[in-house]
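To start, the structure under review is shown below, and the notes come after it.
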Amino acid sequence: MGNENNHSVARKRLSTLAITTTLAAVGVGVVGTGAANAATTSPSGHSQEGTQAVAAPVLKSAVTAGTGATSLTATADLTGTTVDPSIAAASTVTINWDGAKDVQTLHFAADGTLSTSKVPHVYTAGGAYDVIVTVNDGSKTPPTATTHLVVADATLAASLSANTTKKNSPVTLSLAGSSVDQSIKAATTTVTWGDKATASFAGDPAKISATDAKLTHSYAADGTYPVTVTLNDGLGTKTSVQTETFSVKVSETGVVVLQAAGDTRYETGTQISQHQWASTGVATDNRTQAKSAVLATGNDFADALVAVPLAKKVQGPLLLTDGTQTKTNPIVVTEIQRILPKGSTVYLLGGEMALNAGIEKQLQGLGYTTVRLAGADRFATALQVAESPKGMNNPSHVIVARGDEGKNHDGFADALSAGSYAANVFGAGDGGSAVVLSNFKTFDTDTKAYVQSKLKAGQQDVAAVGGQAATAMTTILGSDKTYVTAVGHDRYETAAIVASHFLPNGKADQIGVATGTVYADALTGGAYMATVNGPLLLTDPKVLPAYTANAVGQFSTQEINIFGGNVAISPAVAKQIAKLVNVATIGKF
């Protein structure tokens, strides 16, 4: 039995540990938003006879950056971090705050917990830091959690009370949400109003009174003015200066008229996109950041007719390209690259006869994901856009518009005004509506079945825009009183009727006008109007229809956008539109 009375149980660390790490969220900690959390355990693998296992250490870490006056102060919350009491005295936690030599050491209490679980740290300057938390328990591979933290000593959050105003009417700048760390003593906020006037503020912008007279400015002359707001923390680092830019349009009446006019339909489309969508990765660009883009052929209208509500849904522009070519039009692909980072989605409408396979291959080669929505013909493509989970995803509402070629190649006319209506008004409470196409006054079998599936007694989830679409609806048995119509004497009155449904209160921030005789500008312009929640009216190139003139005069608006150059809409008609709202000068889009 040997040394039975002297036998003791040896307690030792296991030489081999199985490390299991679960990161609940290891990401970017942005000032004022969220935290990066990590939970790490290092369980004992097993114990041999005569050996008592040591409980695995547990590392729980949540590192956050401060905000406002304490924006340079980060906090590591280590609540729940423990080691076995038997090794507590010999174990520590280290926090490496900058991934280099700024290291802080914490000690465990006798019970294996930390006496201090929330640990603050003050950075001397803003920047990106890798914060590494390690439990030093004597193992060869100690539990570790890394958080990539972005610290900013200053935050600029600026906004204007109006982007369109009358002469001598005040525009007010708000700095609500702007701040600097309490340690910053030399911060300055500067405003350049675009007409040689400037304003400057010293110190923390959070302490600037919202009623400070220097935050308000009036313009004495018509024009478009670039407004720049700059916050400089005075430290002279890479992150010291933050800038935001705005554009203020000033006119006699408070209404501006702008015109998008490229030499080709492709250039006009890119001009419209440039007016609305921000350059990717440019934080100071106050235009909207696109999430996707929709691409359709500019050689025919059919596929693009149903694209407007899709462009609104996927949050991007509708762009046109020559679908017969093997590559996207150069200015169009340049615009896609300007607004979308690699990995974003570009939706292609129509099959390879509409958009050449080479176009899709080119976009994929540039790092974009492509989704092609296509059917055997224009009617099937419209259904694919309506039904596909990658398209409109079968919304509860649907708009029917004529989509056949037409005797005079103008079957598109009524559908031009339907897109923004579908995106914003009809079925808006249920995610908008899709647009499907009638074949003149009839339906193909599949479209008829789809439309019929939306008809419900006591509800009106279907709208027919234009006389031919309304006639097609009568071919569905039992459809009476289950749909609404917008039918005018001609395409111009139909568009005005659609606008009246769109604007029951007679107000819209923006109104669009495009030619009703050519489809291209109305399609790309219609997608723009969909995103700004405004209607699209139509005009004859040489004569402003009474229906359109009455609609422009009827609605209260801040901006009228004319889509198309002097061939699409003559200078005389454009001036007549501007005169309706007492604007003498038409600006560039």
Exercise. Can you find a residue in the stretch 345-363 that is under 30 Å from Val227 (Cβ atoms) and surrounded by fewer than 16 Cβ atoms within 10 Å (Cβ to Cβ)?
Worked result: no
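Counting just the residues of the stretch 257-278 that are among the β-branched types (Val, Ile, Thr) and at pLDDT 95 or above, which one comes out surrounded by the fewest Cβ atoms within 10 Å (Cβ to Cβ)?
Among them, the one singled out is Thr264.
From the list Gly223, Gly234, Gly281, Gly254, which residue is at pLDDT 90 or above and either surrounded by fewer than 19 Cβ atoms within 10 Å (Cβ to Cβ) or within 29 Å of the chain's Cα centre (by Cα) (or both)?
Gly234
Here is a yes/no grid of residues against (1) at pLDDT 95 or above; (2) within 15 Å of Leu106 (Cα to Cα); (3) assigned to a strand (DSSP E or B); (4) touching a strand residue (DSSP E or B) at 6+ places or on another chain (Cβ under 7 Å):
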position: Ala56; (1), (2), (3), (4): no, no, no, yes
position: Leu59; (1), (2), (3), (4): yes, yes, yes, yes
position: Val63; (1), (2), (3), (4): yes, no, yes, yes
position: Ala69; (1), (2), (3), (4): no, no, no, yes
position: Thr75; (1), (2), (3), (4): yes, yes, yes, yes
position: Thr79; (1), (2), (3), (4): yes, yes, no, yes
position: Thr94; (1), (2), (3), (4): yes, yes, yes, yes
Exercise. When both residues are 6+ apart or on different chains and their Cβ atoms are under 7 Å apart, which pairs have a first residue that lies in the stretch 480-504 and is within 10 Å of Gly466 (Cβ to Cβ), and a second that is at pLDDT below 95 and among the charged types (D, E, K, R)?
Worked result: Arg491/Asp414; Thr494/Asp414
For this session: Looking only at the stretch 532-551, count how many residues are part of a helix (DSSP H, G or I) and surrounded by fewer than 23 Cβ atoms within 10 Å (Cβ to Cβ).
Result: 4
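Could you grab me the full set of residues in the stretch 474-486 that are outside any strand (DSSP E or B), modelled with pLDDT of 95 or more and in contact with an Asp or Glu (Cβ under 9 Å, 6 or more places away or on another chain)?
Within the stretch 474-486, Thr474 is the sole residue that qualifies.
Residues are listed down the side, and each one gets a yes or a no for (1) in contact with an Asp or Glu (Cβ under 9 Å, 6 or more places away or on another chain); (2) within 25 Å of Ile577 (Cβ to Cβ); (3) assigned to a loop (DSSP other than H, G, I, E, B); (4) of a type in the set (Gly, Ala, Ser):
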| residue | (1), (2), (3), (4) |
| --- | --- |
| Ala220 | yes, no, yes, yes |
| Thr224 | no, yes, no, no |
| Gly254 | no, yes, yes, yes |
| Thr268 | yes, yes, no, no |
| Gln274 | yes, yes, no, no |
| Thr280 | no, no, yes, no |
For this session: Would you check if Gly99 is modelled with pLDDT of 95 or more and in a loop (DSSP other than H, G, I, E, B)?
Result: no
Exercise. What tally of residues in the stretch 552-564 results from selecting those that are assigned to a loop (DSSP other than H, G, I, E, B) and at pLDDT below 95?
Worked result: 3
Exercise. Are there any helices (runs of 4 or more DSSP H) wholly within the stretch 340-455 with 3 or more residues that are under 28 Å from Leu538 (Cβ atoms) and either among the β-branched types (Val, Ile, Thr) or at pLDDT 95 or above (or both), and if so which?
Worked result: 378-387, 445-454
For this session: Identify the single condition in (1) within 16 Å of Ala157 (Cα to Cα); (2) part of a strand (DSSP E or B) that Val248 does not satisfy, given that it satisfies every other one.
Result: (1)
For this session: Please go through the stretch 462-482 and pick out each residue that is in contact with a helix residue (DSSP H, G or I) (Cβ under 6 Å, 6 or more places away or on another chain) and surrounded by 19 or more Cβ atoms within 10 Å (Cβ to Cβ).
Result: Val462, Ala464, Val465, Gly466
Exercise. If you take the residues of the stretch 489-515 that are of a type in the set (A, V, I, L, M, F, W, C) and in a loop (DSSP other than H, G, I, E, B), which of them is modelled with the highest pLDDT?
Worked result: Ala508
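The values are calculated or read from the model by the stated rules, or taken from the named source; none is laboratory data. Keep in mind that what you see is a predicted model, and the values were worked out from it rather than measured. Because the Cβ atoms are built from the backbone with ideal geometry, glycine has one as well, and the counts that use them run over all protein chains shown.
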